[in-house]
Amino acid sequence: MIYLKSNHEIGIVRKNGAILAEIFDRLADFIKPGVTTAEINRLTEEVFAKHSAIPSFLGYRGFPAAACVSVNEVVVHGIPSARRLEEGDIVSVDIGAYRNGFHADAARTYPVGDIAPPVAKLIKAAEDAFFAGCNMAKPGGRVSDISNAVQLSAEAAGFGVVRDMLGHGIGRSLHEDPPVPNYGGAGKGPKLRHGMLLAIEPMLTLGDCRIVTSKIDGWTCSTIDGKPASHYENTVAITREGLQILTISVSP
Ligand code: MG
């Protein structure tokens, strides 16, 4: 069941998205060699508290933290810990903000100090794939038009696209219909309509696109070959007036 949102509801999600954008801006300065993934989580908690927002992921199916913090080969769902980031690592931070009955969801991948050029390309390619998907996200199109554009963009850049994790509808629930795969042929799936809120979230890999979930913690998803992965996500609104990205900083 796809729930379409009113302009008022989209406005609530945009305000929640601004909290995520503020966190991402602060993390860009905060993340450096020596910082632990638990410290990244703590920073997100401070900003959520300042805005009286609930971190969407805390307690979601038992997830133990406000933020998913995923280092190098960890694709998503990394649990914050005492692990210290080192020069040359990359770290992705996936967060959701819940307030006034609605969620916003977004992720960024950050370099830690100087990183190898192919890994820098991997980060940029996830962002590019997201925007390629956005270009196809118009009323009257189909969900898989987005999927197809994401896959073509990522593969043209020479990277793998994770199949086992999907983007999704979002609103009163963190995960709603429709699923938004990051691969597949165009022209399939539900029609895109004014008022649809989607979390579009390409996950790209330097090597093999297959992933494996830790049997130890039940959360940590890593690439099967141990090579790095990047993740870029925003919550977007499909509207007649065009696509609106709700989780990005708006310059004054
Ligand atoms: Mg998401």
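The values are calculated or read from the model by the stated rules, or taken from the named source; none is laboratory data. These figures come from a predicted structure and were not determined experimentally. Here the Cβ is made from the backbone with ideal geometry for all residues, glycine too, and neighbour counts use every protein chain on show. Please note that ligands, DNA and RNA were not included when accessible areas were found on the heavy atoms of the full protein model with its side chains. Shrake-Rupley method; radii C 1.70, N 1.55, O 1.52, S 1.80 Å.
Observations
- Viscosity 1.002 mPa s, temperature 20 °C, Stokes-Einstein D of segment 13-79 from Kirkwood C-alpha radius, µm²/s: 171 µm²/s
- Helical mean residue ellipticity (222 nm; -39500 (n - 2.57) per DSSP H run of 4+; nearest 500) of the chain: -9500 deg cm²/dmol
- ASN234 long-range amide H proximity, modeled H, under 5 Å: ALA107, ILE200
- Of the solvent-accessible surface of the chain, computed with a 1.4 Å probe and all protein chains present, 54% belongs to carbon and sulfur.
- A Gaussian network model of the chain, with springs between Cα atoms under 10 Å, assigns the largest mean-square fluctuation among SER52, SER147, SER222 to SER52.
- Per residue, the convex hull spanned by the Cα atoms of the chain amounts to 119 cubic angstrom.
- Separation of alpha-carbon centers, segment 1-37 and segment 121-152, rounded to whole Å: 20 Å
- Computed about its Cα centre, the charge dipole of the chain is approximately 720 debye, with only Lys, Arg, Asp and Glu carrying charge at their Cβ.
- Full extension of the chain segment joining ALA116 with LYS188 gains 22.2 nm, where the gain is 0.36 nm per residue of separation less the Cα-Cα distance.
- For the chain: relative contact order, % (alpha-carbon pairs under 8 angstrom, 6 or more apart): 23 percent
- With the simple spin-label model, which puts each label point 7 Å out from Cα in the Cβ direction, the ARG61 to ALA28 separation comes to 3.1 nm.
- Placing unit charges on each Cβ (+1 for Lys and Arg, -1 for Asp and Glu) gives segment 7-245 a dipole about its Cα centre, and among SER230, LEU243, ILE90 the Cα reaching farthest toward its positive end belongs to LEU243.
- Length gained on full extension, ARG42 to ARG84, computed as 0.36 nm times the residue gap minus the Cα-Cα distance: 13.7 nm.
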